[in-house]
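First comes the structure, then the notes that go with it.
The values are calculated or read from the model by the stated rules, or taken from the named source; none is laboratory data. None of the values given here were measured: they were computed from a predicted structure. Cβ atoms come from the backbone with ideal geometry, glycine included; neighbour counts cover every protein chain shown. These accessible areas exclude ligands, DNA and RNA; they are computed on the full protein's heavy atoms, side chains included. Shrake-Rupley method; radii C 1.70, N 1.55, O 1.52, S 1.80 Å.
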Amino acid sequence: MAKPRKSDFFQRISIRYTIFIYFTVSAIVMFLLIGVSVYGRITGQLTATIRKENQAVINQVNLSVDAYLRTVMKLSDSLYYGVIKNVDFRAQGEKVNSEITLLYDNNKDSVSNIALLSGDGELMSAVPAARLKNGMDVTKEKWFKDTLEHPENLHFSLPHVQYIFDNGENQYRWVITISRAVEITEGTSTAQGVLLIDMTYAGLQYMLDNIPLGDQGYLYLVGGEGELIYHPKMQLIDAGLAEENVSAACTYQDGNYEETWKGKNRNIIVKTVGYTGWKIIGVVPEQGFTLNEVKTRLFMAFVVAFFLFLLAVINAYISSKITAPIQELEKSVNALEAGELDAEVYLGGSYEIQHLGRSIGVMAKRIQALMKDIVSEHESKRKSEFDTLQSQINPHFLYNTLDIIVWMIENEQKQEAVKVVTALARFFRISLSKGRSIIPVRDELEHVRSYLTIQQKRFKNKFTYRIEAQDEVLSLACLKLTLQPLVENAIYHGMEFMDGDGEILVKAERDGERLCITIADNGLGMTAEQVQGLLTGKTRSASGKGSGIGVKNVNERIRLYFGEDFGLDIRSEPDEGTEILIRLPAVSFEELMERDKRA
């Protein structure tokens, strides 16, 4: 009996087992070689990799703490420059108290108390506290003296239990006090005072709790002179049941250090928190290092690629015979990938290859059927996404407008109240627009005019505005609610905190086949980072108010409806004002409505 040929043997078994036999033998040899090299490589890179990872964590925590503190510092600036400075307390004390209460209500998640003290220690205003504790003389407190002696600085205290105010509920709350010297006006005289803000310690603690630094690492926060502000074992340290090498760590500059503490080596990461001089200190024991998962995968991908390269060289001749049918099938798949869905699919080779070829052929036919469904579903999804973006309107503007109307009526300014009510009615009539997403430029300009009329009353004529438009553009199509969010941004970003009168210009003109609408203001302007933040949705108005639609959503809505060639361009420089250019196609409103009906 003739012996079966080797080629016949390979034809009788599946491709799975053929590849398994050849590659298993090669893999065993290669794994032995690679295992030795990989072990040495991982051991050498482990410490450097984890240190970079932990440094990134500390940097992120530093950004969070800095942002948290800057929020309270910004509140302090708003209180001083927007409420207290240049206000006669003798004549307008009630108004000051009301505005301080409003700012407290907007920030009470992070603020425990806001108080204004005279230079003699008299409590002039406090929210929510009602009075100082009996026998409390703040003029003898170190923080009070330091604040008046150094009026140019903000002063941060260490965490402590609130002990100044007698307000019942908050008297045992842990706080960090921020104080600054302010100028208080009473009649024709001015005097120094102290603005005090008690920031809740729990908010800071929440950001620092459970920060992962390897398996056993942790971080803590110290003051500029080495005082512990936060530590995960704060209570144990205060009780003398735990120790920390704070005195040495606080002398380090920003960076990575090695130290030995209680006979064990550990890595120290130091990062200074901006204005305060506080330091975030990360501690990672040497035995607590673990590999970053992403970097591990990247390294292993390199190892596997190198391993496969060596295997390909060794088994090139053998695998060429096995993979020939696969290559033919690949040509068929490439044809399908190129869009030739009617191309013939290769059905040769082993059973598995034949089955795969038949499956790919069936799949190609199904793709042809599904492509038609996808086109219609895409149109539906595009409209749904557009409607979702357009629906984000915050009632805050309505509440403020109604407050203005009530105030005018109570002060017998009936004619002004009628103007605001009329402007509000026009504003919402055009906002609704019978559910249409596209309206004429004429209506969009009338909509923003109504909005500016209301805001001009609200800000007590702090700014003026002009609306200019060529007659030929009034009948062109415009996306509804495009101008109002941008004008709103000009008011809150550019006007609200500026000194002097503001000016806003809205100008609509045609440039060839494009409709160009410009919104310019002479406000505070923005940096390049702030401009980018507006376009990405990471920057809101300083007051946190507004419609909620935002510059980012306006840009996305334009691109979603008209295409990527249209949208917003923002040009701005600090103290130079801001100019926003809206680029839209110059299409007649009636023509666009007819096109949508046919679609």
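Numbers below:
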read-out: Phe463 long-range amide H proximity, modeled H, under 5 Å; value: Gly502
read-out: FRET efficiency, Leu63 to Lys331 (Cβ-Cβ, R0 51 Å, nearest 0.05); value: 0.45
read-out: Peptides 550-561, 243-254 ordered by average Cβ neighbours within 10 Å, highest first; value: 550-561, 243-254
read-out: Exceeding the 25 Å Cα-Cα cut-off - candidates Lys108/Lys419; Lys85/Lys108; Lys108/Lys271; Lys419/Lys460; value: Lys108/Lys419; Lys108/Lys271
read-out: Portion, in percent, of the accessible area of segment 113-195 that falls on carbon or sulfur, probe 1.4 Å; value: 47 percent
read-out: Value of Rg/Rh across segment 91-211 [Cα atoms, Kirkwood radius]; value: 0.97
read-out: For segment 113-204: relative contact order, % (alpha-carbon pairs under 8 angstrom, 6 or more apart); value: 32 percent
read-out: Full-stretch length increase - Asn153, Arg559 - with 0.36 nm per residue and alpha-carbon distance subtracted; value: 141.5 nm
read-out: Volume in Å³ per residue [convex hull over Cα atoms, computed for segment 183-241]; value: 142 Å³
